[in-house]
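Quick notes on the structure that follows.
Throughout, read-outs are computed from the coordinates displayed, never taken from laboratory work. None of these values were measured; they are calculated from a predicted model. Backbone-built Cβ (ideal geometry, glycine too); neighbour counts: all protein chains shown.
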Amino acid sequence: MFYTSTRDKSVKATASQVITRGISSDGGLFVPEEIPQISLDDIISFSKLDYIGRARAVLSLYLSDFSQEEIECCV
């Protein structure tokens, strides 16, 4: 997944780059290019997870350049 600046859509970065930079060099905020789509079945499966499991599942949708082990460590 890539993130773009709210001030200049041509500025693109990965999740790890966005976390490192914090804010775009043009002063804009980084936002996902696309919001991940989840189904009703996904929502139902998320509801059966504990808080940490749900956090892992949601973060993995947005932090696609992180491994599951890295997400697990952060959560």
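Structure above, values below:
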item	result
Orientation-averaged projected area, Cα convex hull of the chain (nm²)	5.3 nm²
Radius ratio Rg over Rh of segment 36-75, counting only Cα atoms, Kirkwood formula for Rh	0.97
MRE, 222 nm, helices only [DSSP H, n ≥ 4, -39500 (n - 2.57), over the chain, to nearest 500]	-12500 deg cm²/dmol
Inter-label distance, nm, simple model (7 Å from Cα along the C-beta direction), residue 56/residue 69	1.4 nm
